[in-house]
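J.: Take this structure first; my questions come after.
The values are calculated or read from the model by the stated rules, or taken from the named source; none is laboratory data. Keep in mind it's a predicted model, so treat the numbers as computed, not measured. Heads up, the Cβs are rebuilt from the backbone with ideal geometry, glycines too, and the neighbour counts pull from every protein chain shown.
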Amino acid sequence: MSITNGAGPSQDESASMGGSELHGVKSVGANKHIGDVILDVKNISLSFGGVKALTDISFNVREHEVRSIIGPNGAGKSSMLNCINGVYKPQQGSITFRGQTFGHMDSHQVAVMGIGRTFQNLALFKGMSVIDNIMTGRNLKIKSNLLMQALRIGPAQREEEFHREKVEHIIDFLEIQAFRKTPVGQLPYGLQKRVDLGRALAMEPQVLLLDEPMAGMNVEEKQDMCRFVLDVNQEFGTTIVLIEHDMGVVMDISDRVVVLDYGKKIGDGTPDEVRNNEEVISAYLGTSH
Amino acid sequence: MFYRENGQFKTTYRADQQILPIAQDRVALYLLLAFAFMAVPFMASDYTFRAILIPFLIFSLAAIGVNILVGYCGQISLGSGAFMAVGAYGAYNFFVRIDGLPLIVALILGGVCAMLFGILFGLPSLRVKGLYLAVATLAAQFFSDWMFLRIQWFTNNSTSGSVSVSNLQVFGLSLESPLAKYLFCLSVLAVIALLAKNLVRGAVGREWMAIRDMDVAAAVIGIRPMYAKLTAFAVSSFIVGVAGALWAFIYLGAWEPAAFSVDQSFKLLFMVIIGGMGSIMGSFFGAAFIVLLPIFLSQFLPALASLVGIEISTASVSHAELMVFGGLIVWFLIVEPHGLAKLWAIAKQKLRLWPFPH
Amino acid sequence: MSFFLETLFGGLMAGMLYSLVALGFVLIYKASGVFNFAQGAMVLFAALAMARFSEWVPLYTGITDPIAANLIAFAGAGVVMFVVAWLIEGVVLRHLVNQEGTTLLMATLGIAYFLEGLGQSLFGSDIYKIDIGMPKDPVMLFESVFEGGILINKEDFYAALIAAALVVLLSIFFQKTATGRALRAVADDHQAAQSIGIPLNRIWVIVWCVAGVVALVAGMIWGSKLGVQFSLTTIALRALPVVILGGLTSVPGAIVGGLIIGVGEKLSEVFLGPYVGGGIEIWFAYVLALGFLLIRPQGLFGEKIIDRV
């Protein structure tokens, strides 16, 4: 299976990083160059009323890497992503992105800074078509004002066509051409997840937060999704922060892993280090008998 | 066999993005416009203009405005009557106080007044939604009722709040005859409908729909809920304001605050629900329905009743009207929440297959 | 001073009347999460039924004793409201389970219009009287404390008592009975309540019946005061700010909210009105509610509204 060359959103970074041919789930990416720390989460604590969702979490993410967050259900993984995204505001701690530190994030600001997100429960715009959903991801880049859009001449029309072309590249990349005009509410779950990814990609993000992108998929669908994620990471250099339950996927494609349990961090390191961590094994991975 | 997309391939994004991608639809629209502009003037009687066509045109315009707010952006509004009132009285004040002000300018200025009023009373939408927002818009409605009744300045010091305009003309052509009024309203409607359609299929329309469908996700992709909601209120109330000014100037001629009461707000909401929320075409359907239904009932019911030998009074007809409205709202909400526009789309789908079964 | 107190009392009692209608809103919202825009129409429908029944009872049954006639009329109107509740549940609500709030809101708007049309078709659209023997004369109180005394309208006073009694009954019902608990569960989450075996449909019928009876009581009192006519439906619109203030889920809130709105309207009209041209009653309640929406949307006693991602 090969991917259409040159498809996908254009980036400031130069393309061509690592292998793009994929067999199964194993990543290649031998030429990948992992950069400095781009996102640094320090001492984040989050609680809802009496429930402590996150307690003193600290970890960092390096540029161009694939960082996975794993842990049992209820460990606080989604809450962590929500804090980075500005959906939740942590009571304590700070988040540093590219040198700028924040006590809490503002959703809009986060999007402008180039952090994209997919959702565990699919926050798609059910009333719109696939094209329109992905086009909303281009919103930040659309500059024409209200009057220009109403008249739809000249610059406004050209802008619409320009962004439509970008969106079409994403649609090609995700292989959902046949469904482009379908209202997303009518699509099967697996395809909806692709549209969710497409919408995040349309933002041309530097960091992509993926919340269980492969949940509820069968083996083939997972392979496809892995391929997309790895392509995004390797061809366009997008840093990936990934929440995932499938250990096979996590161990294969991650560069580093963070393990959460009951809102606390119990492991942080390469997949091999984490796999052999006693605490992680007893809390989450389990041993074979 | 006539309604086919076969052979209509698009080679540019521009072609794919146009308002009516299917050629048959475009032809149909041009024919309809030609009919409306050139044939109807010869065919319709004064009564038809006054009682059916002009109200239909003005309500369609208002319904487009309300649809933008309620259907596309998902912000419930029970205050559309107030926006019409502000548009009407705003235009009136400019028209009457500035000598020689062209009518179109007065109408636009009325729309601007309504827009500002709309933005002000749209601010609560940043905090609340659903029923609570409905209450906020009702506050706008009742405040406006009071404002034009009691604050003398707005009505040029008329004690009862009633005012009138006369001798309207546009580009030197008088607007006294029903035909002239009809053509004027038709032109205004055509222009604004096109602008509105461009907005809803562009970036801001997608923002509105994103807010409607899932506002948290919208914030995360960089859509600012405040900007989206307030622009929805602004654009919507501008259009409704212009419609209100048209209603006052062209249709009524002389009016008082009661012409824009809360009943008008409900009527507009019903037009949008029945016609189809989130659909420009649906606004036309809804307006047509609401304008034609009372006329239909007042002709049809007595005829039906006399078949069985009962006499029906006009009061009974108006009661029946209420029942039919209410019943239809409920029926549409249960069976086809997307209204007549959806039924039309389904019919077109079937038409694509016709005369084949599948 | 006595004038101020008169206005105050007048406001308090007008407020109780609002509360009566607001109670219907709260009941249905508490139990099904639906805001019932049709409450005003139900008040009108119930009042029309009772007014006409009380006319027809002497004619058709020969019972001329006014108290008995009124009781029969009340019972008859109650039955009518039960039927209405049952029909609303079966024809409308059942098909709209788990739709979003806005859809249900608009459905109740449709029901409101339908009931208004139906009520007037069935019972006529003139102004009718309800005479339940409420004393209509005013009475002078506290003559020893304040010079000239304070003028209190006896009818309003009795109405306030009835409303208070109703509130106490309903509060007990919601808090202490199993049905009340079931109602609150249903209001929280239709599907979850269904999945633990709460019979959704039956619960809804019960709630709408109770709301119907509340509407009947409200209609009876308002009708006795103002005469039964179409404008009764606008009372629903007047009572809406009451539930915003008091909280949509709080029965005592409906009373407190009603009192505040009633007093506020009267006081603002008397003391503020002259400066701004008068007639501010029509928007005072709404603007007050608007203020609350911006500061404290759940009202004084309501549950905090949580929006989950």
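J.: Test C:Gly110 against the criterion of being at the interface with chain B (Cβ under 7 Å from one of its Cβ atoms) and free of Cβ contacts under 8 Å to residues at least 60 places away in the same chain, and give yes or no.
T.: In short, yes.
J.: Any residue in segment A:82-109 that is in the same structural domain as A:Ile44 (by TED's automatic domain parsing) and under 20 Å from B:Ile221 (Cα atoms) sitting within a Cβ distance under 6 Å of a residue that is of a type in the set (Lys, Arg) and exposed (fewer than 15 other Cβ atoms within 10 Å of the Cβ)? List the pairs, counting only those 6 or more apart or interchain.
T.: Filtered contacts from segment A:82-109: A:His104/A:Lys89.
J.: For segment A:97-120, give me each residue that is at pLDDT 90 or above, more than 19 Å from A:Pro213 (Cβ to Cβ) and part of a strand (DSSP E or B).
T.: A:Phe97
J.: If you don't mind, there's one more thing I want to ask. Give the number of residues within segment A:255-289 that are small (Gly, Ala, Ser), in contact with a Lys or Arg (Cβ under 7 Å, 6 or more places away or on another chain) and touching a residue at least 40 places away in the same chain (Cβ under 8 Å).
T.: Residues that pass the stated criteria total 1.
J.: Related question: Need the failing condition index for B:Phe296 against (1) in contact (Cβ under 8 Å) with a residue 12 or more places away in the chain; (2) part of a helix (DSSP H, G or I), just the number.
T.: Of (1) in contact (Cβ under 8 Å) with a residue 12 or more places away in the chain; (2) part of a helix (DSSP H, G or I), only one is false for B:Phe296: (1).
J.: Would you mind finding the one in C:Ser19, C:Ser32, C:Ser54 that is in contact (Cβ under 8 Å) with a residue 24 or more places away in the chain and farther than 23 Å from C:Thr179 by Cβ?
T.: Only one candidate passes the filter, namely C:Ser54.
J.: Of everything in segment A:126-137 that's more than 8 Å from chain B (Cβ to nearest Cβ) and of a type outside the set (Val, Ile, Thr), which residue is surrounded by the fewest Cβ atoms within 10 Å (Cβ to Cβ)?
T.: A:Ser129
J.: Also, I was wondering about something else. Just checking, does segment C:38-53 include any residue being among the β-branched types (Val, Ile, Thr) and either within 14 Å of another protein chain (Cβ to nearest Cβ) or surrounded by 23 or more Cβ atoms within 10 Å (Cβ to Cβ) (or both)?
T.: yes
J.: Report whether or not A:Ala123 is surrounded by fewer than 24 Cβ atoms within 10 Å (Cβ to Cβ), assigned to a loop (DSSP other than H, G, I, E, B) and either at the interface with chain B (Cβ under 9 Å from one of its Cβ atoms) or out of contact with any Lys or Arg (no Cβ under 7 Å at 6 or more places or on another chain) (or both).
T.: Yes; evaluated as a whole, the condition is true for this residue.
J.: If you don't mind, there's one more thing I want to ask. Can you pull out every residue in segment B:199-215 that is within 8 Å of chain A (Cβ to nearest Cβ) and without any contact (Cβ under 8 Å) to a residue 40 or more places away in the chain?
T.: Scanning segment B:199-215 gives B:Gly202, B:Ala203, B:Val204, B:Arg206, B:Glu207, B:Ala210, B:Met214.
J.: Let me ask something else. Looking at this structure, is C:Ser54 of a type in the set (Ser, Thr, Tyr), within 17 Å of the chain's Cα centre (by Cα) and part of a helix (DSSP H, G or I)?
T.: Against the criterion (of a type in the set (Ser, Thr, Tyr), within 17 Å of the chain's Cα centre (by Cα) and part of a helix (DSSP H, G or I)), C:Ser54 does not qualify.
J.: Something else: Of all residues in segment B:155-172, which are part of a strand (DSSP E or B) and β-branched (Val, Ile, Thr)?
T.: Within segment B:155-172, B:Val163, B:Val170 qualify.
J.: Take the conditions of a type outside the set (A, V, I, L, M, F, W, C), modelled with pLDDT under 85 and either closer than 25 Å to B:Leu194 by Cβ or part of a helix (DSSP H, G or I) (or both) and apply them to B:Pro302. Does it pass?
T.: It is true that B:Pro302 is of a type outside the set (A, V, I, L, M, F, W, C), modelled with pLDDT under 85 and either closer than 25 Å to B:Leu194 by Cβ or part of a helix (DSSP H, G or I) (or both).
J.: If you scan segment B:216-231, which residues turn out to be without any contact (Cβ under 8 Å) to a residue 12 or more places away in the chain and either facing another protein chain (nearest Cβ under 7 Å) or surrounded by fewer than 18 Cβ atoms within 10 Å (Cβ to Cβ) (or both)?
T.: Within segment B:216-231, B:Val216, B:Ala217, B:Ala219, B:Val220, B:Ile221, B:Gly222, B:Arg224 meet the criteria.
J.: When segment B:1-22 is examined, which residues are found to be among the aliphatic types (A, V, I, L, M) and either closer than 19 Å to A:Glu161 by Cβ or surrounded by 13 or more Cβ atoms within 10 Å (Cβ to Cβ) (or both)?
T.: B:Ala15, B:Ile19, B:Leu20, B:Ile22
J.: Which count do you get for residues in segment C:231-269 that are farther than 22 Å from B:Thr137 by Cα and polar (S, T, N, Q)?
T.: Going through segment C:231-269 one residue at a time, the tally reaches 1.
J.: A further question follows. Among A:Asp172, A:Asp196, which is the only one that is outside the structural domain of A:Cys226 (by TED's automatic domain parsing) and crowded, with 20+ Cβ neighbours inside 10 Å?
T.: A:Asp196
J.: crowded, with 23+ Cβ neighbours inside 10 Å, outside any helix (DSSP H, G or I) and not assigned by TED's automatic domain parsing to the domain that holds A:Asp132: does that describe A:Leu230?
T.: It is false that A:Leu230 is crowded, with 23+ Cβ neighbours inside 10 Å, outside any helix (DSSP H, G or I) and not assigned by TED's automatic domain parsing to the domain that holds A:Asp132.
J.: Being surrounded by fewer than 24 Cβ atoms within 10 Å (Cβ to Cβ) and in contact (Cβ under 8 Å) with a residue 60 or more places away in the chain narrows it down to one residue among B:Leu57, B:Leu123, B:Leu109; which is it?
T.: B:Leu123 is the lone residue from the list that is surrounded by fewer than 24 Cβ atoms within 10 Å (Cβ to Cβ) and in contact (Cβ under 8 Å) with a residue 60 or more places away in the chain.
J.: Conditions first: (1) surrounded by fewer than 18 Cβ atoms within 10 Å (Cβ to Cβ); (2) touching a residue at least 40 places away in the same chain (Cβ under 8 Å). C:Ala254 passes all but one, so which condition is the exception?
T.: Tallying (1) surrounded by fewer than 18 Cβ atoms within 10 Å (Cβ to Cβ); (2) touching a residue at least 40 places away in the same chain (Cβ under 8 Å), C:Ala254 fails exactly one: (1).
J.: Evaluate segment B:192-208: report whether one residue or more is modelled with pLDDT under 95, assigned to a loop (DSSP other than H, G, I, E, B) and over 20 Å from B:Ser283 (Cα atoms).
T.: No, segment B:192-208 contains no residue that is modelled with pLDDT under 95, assigned to a loop (DSSP other than H, G, I, E, B) and over 20 Å from B:Ser283 (Cα atoms).
J.: Among the numbered conditions (1) modelled with pLDDT under 85; (2) touching a helix residue (DSSP H, G or I) at 6+ places or on another chain (Cβ under 7 Å), tell me where A:Val232 comes up short.
T.: Only one criterion in (1) modelled with pLDDT under 85; (2) touching a helix residue (DSSP H, G or I) at 6+ places or on another chain (Cβ under 7 Å) is unmet by A:Val232, namely (1).
J.: Another question, if that's okay. Looking at (1) away from chain C (no Cβ under 14 Å); (2) in a helix (DSSP H, G or I); (3) surrounded by fewer than 18 Cβ atoms within 10 Å (Cβ to Cβ), which is the only condition B:Gly100 fails?
T.: Result: B:Gly100 fails condition (2) only.
J.: Here's a check for you: in segment A:83-109, which residue that is among the β-branched types (Val, Ile, Thr) and within 14 Å of another protein chain (Cβ to nearest Cβ) is nearest to A:Thr55 (Cα to Cα)?
T.: A:Ile84
J.: For residues that are more than 27 Å from B:Leu57 (Cα to Cα) and free of Cβ contacts under 8 Å to residues at least 40 places away in the same chain, scanning just segment B:148-183, find the one that is surrounded by the most Cβ atoms within 10 Å (Cβ to Cβ).
T.: By that ranking, first place goes to B:Arg150.
J.: Search segment A:172-224 for residues being assigned to a loop (DSSP other than H, G, I, E, B) and within 12 Å of chain B (Cβ to nearest Cβ), and hand back the single one that is nearest to A:Ile84 (Cα to Cα).
T.: Going through the qualifying residues, I end up with A:Pro205.
J.: Follow-up. With of a type in the set (S, T, N, Q) and either assigned to a helix (DSSP H, G or I) or surrounded by 21 or more Cβ atoms within 10 Å (Cβ to Cβ) (or both) as the only criterion, which of C:Thr64, C:Thr102 stands out?
T.: None of the others qualify; the one that does is C:Thr102.
J.: Which residues, taken from segment B:260-284, are surrounded by 24 or more Cβ atoms within 10 Å (Cβ to Cβ), within 12 Å of chain C (Cβ to nearest Cβ) and part of a loop (DSSP other than H, G, I, E, B)?
T.: Hit for segment B:260-284 is B:Met277, nothing else.
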